[in-house]
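Trainee: Pasting in a structure now, in structure tokens, and then I'll have a few things to ask.
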Amino acid sequence: MRTVEDYLHYLKGKGFQLQEDAIGFIYFGKHYTNASDEIINTAIEVTLKAQKSFDGSFYVSLLETFITNNINSREDALKFVKENVLLAI
């Protein structure tokens, strides 16, 4: 499993240049929800796929939704997103 920092480096290597404010939102969401790195990384991934760029409010809302629904793994998060038609993946 990748840490959030490792995942951000991975994204940068793939050409996703996240701005400082986006990175700030990512870490704010992590501390605000106390979510695991796996859930944070999944929320980043879903946000980028759904919004085609990083949208901080979408990301934080998605994280809150994951936490509220007791979603603790990437697999469960992606299943939830698909079942709730948040993203066609």
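The values are calculated or read from the model by the stated rules, or taken from the named source; none is laboratory data. If you're wondering where the values come from, they're calculated on a predicted model, not measured in any experiment. Backbone-built Cβ (ideal geometry, glycine too); neighbour counts: all protein chains shown.
Trainee: Which residue, of VAL46, VAL85, is β-branched (Val, Ile, Thr), surrounded by 16 or more Cβ atoms within 10 Å (Cβ to Cβ) and either within 12 Å of the chain's Cα centre (by Cα) or at pLDDT below 95 (or both)?
Mentor: VAL46
Trainee: Further, regarding this structure: Filter segment 41-81 down to the residues that are basic (Lys, Arg) and in contact (Cβ under 8 Å) with a residue 24 or more places away in the chain, then identify the one that is farthest from VAL4 (Cα to Cα).
Mentor: Ranking the candidates gives LYS49 first.
Trainee: Right, here's the next one. Just the residues that are of a type outside the set (S, T, N, Q) and touching a Phe, Trp or Tyr at 6+ places or on another chain (Cβ under 8 Å), please, taken from segment 65-85.
Mentor: Correct list: PHE66, ILE71, ALA77, PHE80.
Trainee: If I filter segment 19-40 for residues that are in a helix (DSSP H, G or I), free of Cβ contacts under 8 Å to residues at least 60 places away in the same chain, charged (D, E, K, R) and exposed (fewer than 13 other Cβ atoms within 10 Å of the Cβ), do I get at least one hit?
Mentor: yes
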